[in-house]
Every structure is written in structure tokens, then in C-alpha cells.
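Read-outs throughout are calculated quantities, based only on the coordinates presented, and are distinct from any laboratory measurement. Fair warning: this is a prediction, and the values are worked out from it, not measured in the lab. Glycine gets a Cβ as well: all are built from the backbone with ideal geometry, and neighbour counts include every protein chain shown.
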Amino acid sequence: MKDNIWTNGIWSWYHKILQDKRWVNISNIFTLLRILLSPVIVWQMYCRNWNLAFGFFVIGAITDLLDGYLARRFDTQTNLGRMLDPVADKIFLVSSFFSLSFISTPSFHVPSWFVYLLLFREFALLAGCALLFMLKKNFEVQPIMWGKLTTVFQILFIVWIFSCYFFHWIPVKTYSVILVLLAGYSIFSLLQYIRVGFNYLRK
């Protein structure tokens, strides 16, 4: 029974992608670019090329802002894009935070507990989406406002960390407060997704 549910869920997901008339469009290219930039950013951090790492990160952040807008503006939204965009965000941000935590940085060190919290949040979201795919054939990935804000706040936080390095700022108390607030908001947004998921299952 479980195997049938899983198979039906995968087939439903695959069938929706096949319904897309055109996979190659500017918004999907930007989404793929964000995924491809992630290992480049990690490598530049590892090599201590902070200027290049920041430059590539900004480019990745811009693609995150543009892909959804361009898809709506030019009516090129696809099921592949809807499913790939949140995956790209997770790879892009988690890999960046992971690098800032486990690679010696010239400014603030992101604690490992924060990275583990992000990993738990992202795995929980992916597991929830997988469950809904299996149980609901008509399920579509739809980001909510709280999730979008979490992505924006995480991007701004990394930009701020780089800015502290470039301008030689060491606001330790401010950093600690922002880190705790971001962790709390990440948990809050996860709970909102769980609430939306349960409401969707009741339909």
C-alpha cells in the first residue's frame, strides 16, 4: 500500500512536469544558475577569496529575486520551475551558511547549531512536500509569505556578515541578537508551513 502511494505520488509529480510546454525559459535558467553558483561560492570561501565569494553570492541572490518575477511577467511559469525554485534556495543558502560555519572566516563565525537548525528545517519541509505529493495528486508547491521572508532575511543576514568584514565592523551584540531572531523566525515559518500542510490534508 505504501509502495503504491509512493509510486502514485512520483508519477503525479513526473506527469505534471511533462505537461510543461517549454522547460527552457529565462526564469528556469536563473534558477539553475543559482544551483550552479552554490559550489562556486563555497569554493571561493574555502580559498578565502571573500570578494569573489560575495560577488557570486550577490549574483545568486539577484537570480532568486528575478526568477519568480520573470516567470510571472512573461507568463513562463512551469511545474518544473515551481518545484526547482525552493530546492535551489535550499542549496544556495544552506551551502553558504555551512561554509560560513565550518570555514574560518575573517569576521563573524556562524555557529554550528544554527546550521543544524536550518538543515532540520529544510529536511522537514522536503519531507512534508514528499508526503503531500504521495497523498494528494493535485498538490502543487506554493511558497507562503513567511517562507519567502525567511529566504530574504537569510540573504540579508549573509550580506550583512560580508559587510562587517568589508567595513571592519565588529558589532558582537548586534550579531548575536540578529542570529537569535533569525533562528526564531526560521522555526516560526516552519510551523506556518506545517499548519498549511495540515489544512491542505483536511480538504
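Structure summary
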| read-out | value |
| --- | --- |
| For the range 196-203, 3J(HN,Hα) per residue [Karplus equation, 6.51 cos²θ - 1.76 cosθ + 1.60, θ = phi - 60°, Hz, x = Gly/Pro] | 4, x, 5, 5, 5, 5, 6, 5 |
| Extended-chain gain in nm, criterion 0.36 nm per residue less alpha-carbon gap, VAL177 and VAL196 | 4.0 nm |
| The range 59-127: mean projected area of Cα convex hull, nm² | 5.6 nm² |
| Inter-site label distance for VAL24 and TRP169 at 7 Å from Cα along Cβ, in nm | 4.4 nm |
| Förster radius 22 Å - calculated FRET efficiency between LEU135 and GLN77 (Cβ-Cβ, nearest 0.05) | 0.35 |
